[in-house]
1. Would you mind listing the strands (runs of 3 or more DSSP E) fully within the stretch 124-187 where at least 1 residues are at pLDDT 95 or above and of a type in the set (Phe, Trp, Tyr)?
2. Those residues that are β-branched (Val, Ile, Thr) and crowded, with 23+ Cβ neighbours inside 10 Å, I need them from the stretch 169-184; list them, please.
3. What are the pairs with Cβ atoms under 9 angstrom where one residue, in the stretch 106-120, is at pLDDT 95 or above and hydrophobic (A, V, I, L, M, F, W, C) and the other, located anywhere, is assigned to a strand (DSSP E or B) and crowded, with 17+ Cβ neighbours inside 10 Å? Sequence gap at least six, or different chains.
4. With the structure loaded, tell me whether ARG80 is part of a loop (DSSP other than H, G, I, E, B), surrounded by 19 or more Cβ atoms within 10 Å (Cβ to Cβ) and at pLDDT 95 or above or whether it fails that test.
5. For the stretch 241-285, name all the residues that are polar (S, T, N, Q) and open to solvent by less than 30 Å² (accessible area, probe 1.4 Å).
6. Quick one: VAL327 ticks every box in (1) aliphatic (A, V, I, L, M); (2) touching a helix residue (DSSP H, G or I) at 6+ places or on another chain (Cβ under 9 Å); (3) farther than 19 Å from GLY197 by Cα bar one, so which box is it?
7. Test PRO234 against the criterion of being of a type outside the set (S, T, N, Q), within 17 Å of HIS196 (Cβ to Cβ) and at pLDDT below 95, and give yes or no.
8. Scan the stretch 113-135 for residues that are closer than 17 Å to TYR86 by Cα, within 31 Å of the chain's Cα centre (by Cα) and not β-branched (Val, Ile, Thr) and jot them down.
Amino acid sequence: MRGDNSRQDPDSNHGTRGERPALRDGNPMPHTTAFARNQWYVAAYAHEVGRELLGRTILGEPLVFYRTEEEGTPVALHDRCVHRRYPLSESGLDGDRIVCGYHGFTYDTTGACVYVPGQKRIPRTARVASYPVVEQDSLIWVWIGDPALADPQTIPRAKHLDSPGWVTVRGMEPIDADYGLLVDNLLDLSHETYLHGGYIGTPEVAETPITTEVDEGAGIVRVSRHMDDAECPPFYARSTGIEGRITRWQDIEYHAPCLYLLHSRIAPVGMLPEADGSDPNGFHTEITYAITPSADGKVYDFWMVSRDWATEDDEVTEFLRGNNHTVVMQDVDALNLLQKTLGTERHGYQELSINIDTGGLAARRILARLVEEGDKPVEKVL
């Protein structure tokens with residue numbers, strides 16, 4: 001059921017981070033965000049899944065992905081042979097069947113074993129788990145929890161990723177950090193001023209107050225920062241050709257637990273959209289992240305930058321690809337360091353939160369609720 005929209009007052013907050021007990025040398029590990037299993041997660045880009053077997057670990061579950069030979073339908077199975085646990089992703093395909101590269105146990109697309117070496121009888125327990133998979137908006141989504149609850153209609157959309165009139169660059173970086181740290185990072189863009197100066201950060205990002213709206217029922221957090229008169233960062237100055245100061249809008253939608261959308265608009269100072277909604281002077285960039293936990297303390301950071309301007313300019317495409325990869329790696333290095341640092345803190349350390357953390361704190365509440373409510377899928381209303 002979709003809950004009421006609530007506007008959050010950006011008052012200061014103090015408190016400890018929600019944690020899941022995990023052991024390191026017999027002691028609880030700080031900062032481990034629990035997994036909501038009955039949810040959809042991005043496992044790969046559509047172009048990554050083909051006739052070559054692809055292994056990915058999602059929520060601690062090793063999975064193998066491939067496409068069927070004739071229809072090209074994506075398949076996801078547990079990535080361990082029932083016989084001696086050999087990785088199926090390191091094996092091979094015979095038509096649409098995976099043949100284990102160690103002893104030849106063979107599995108069909110449902111995970112059922114259809115051949116064992118040296119005997120005709122196939123043990124009743126010779127089966128690996130299969131997982132619901134949906135290909136949408138150039139992404140491969142997988143459901144790790146109860147298959148009976150997997151409703152494709154609840155998957156949030158990112159239509160710009162494969163819509164006409166948009167060009168997208170993309171990549172993926174594994175991070176050795178809790179996925180909650182990446183959610184925090186993306187919902188508080190004030191860090192752009194300090195961590196990404198010279199790329200996307202300018203003083204106005206940190207100086208401009210945010211507004212935050214939370215739809216608890218739908219599991220959506222919206223954070224907006226509108227800068228009326230801002231410095232144009234190199235990321236946009238070099239790709240758009242704008243000279244001088246700009247109007248810069250950042251409107252975030254976080255669809256818990258996995259999809260993050262940043263609707264970015266820049267234009268010369270004073271240039272606003274027309275009354276009819278058209279925006280001939282604006283440059284629109286859709287920045288998309290899929291935040292997919294791999295295991296405790298590990299997350300896949302899928303990043304995508306889509307634009308509706310200079311779509312035929314390959315030089316702009318390559319500039320944005322390289323520039324954004326640099327920005328992503330700055331986040332990767334920072335979060336890897338932060339995770340290591342948190343590992344040295346005493347369990348139950350106290351955090352200080354301020355106005356800019358309102359969105360991140362709301363996301364934590366929603367993630368905790370998804371786990372506490374038995375992982376019931378939220379209704380995504382877009």
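The values are calculated or read from the model by the stated rules, or taken from the named source; none is laboratory data. Since the model is a prediction, treat every value here as computed from it, not as a measurement. Virtual Cβ from ideal backbone geometry, glycine too; neighbours counted across all protein chains shown. With ligands, DNA and RNA removed, areas are computed over all heavy atoms of the protein, side chains included. Shrake-Rupley method; radii C 1.70, N 1.55, O 1.52, S 1.80 Å.
1. On the way: elements: 133-136, 139-143, 167-175.
In the stretch 124-187, the matching strands (runs of 3 or more DSSP E) lie at 139-143.
2. Of the stretch 169-184, the ones β-branched (Val, Ile, Thr) are 169, 175, 183.
Listed by number, the residues that qualify are ILE175, VAL183.
3. Within 9 Å, the pairs are ALA112/ARG127; ALA112/SER130; CYS113/THR106; CYS113/TYR107; CYS113/ARG127; VAL114/THR106; VAL114/TYR107; VAL116/THR106.
4. Numbers: part of a loop (DSSP other than H, G, I, E, B): yes; surrounded by 19 or more Cβ atoms within 10 Å (Cβ to Cβ): yes; at pLDDT 95 or above: yes.
For ARG80, the condition - part of a loop (DSSP other than H, G, I, E, B), surrounded by 19 or more Cβ atoms within 10 Å (Cβ to Cβ) and at pLDDT 95 or above - is met.
5. Taking the stretch 241-285 and keeping what is polar (S, T, N, Q), we get 247, 250, 264, 278, 281, 285.
Scanning the stretch 241-285 gives THR247, GLN250, SER264, THR285.
6. (3)
7. Numbers: of a type outside the set (S, T, N, Q): yes; within 17 Å of HIS196 (Cβ to Cβ): yes; at pLDDT below 95: yes.
When the stated conditions are applied, PRO234 passes them.
8. ARG127, ALA129, SER130
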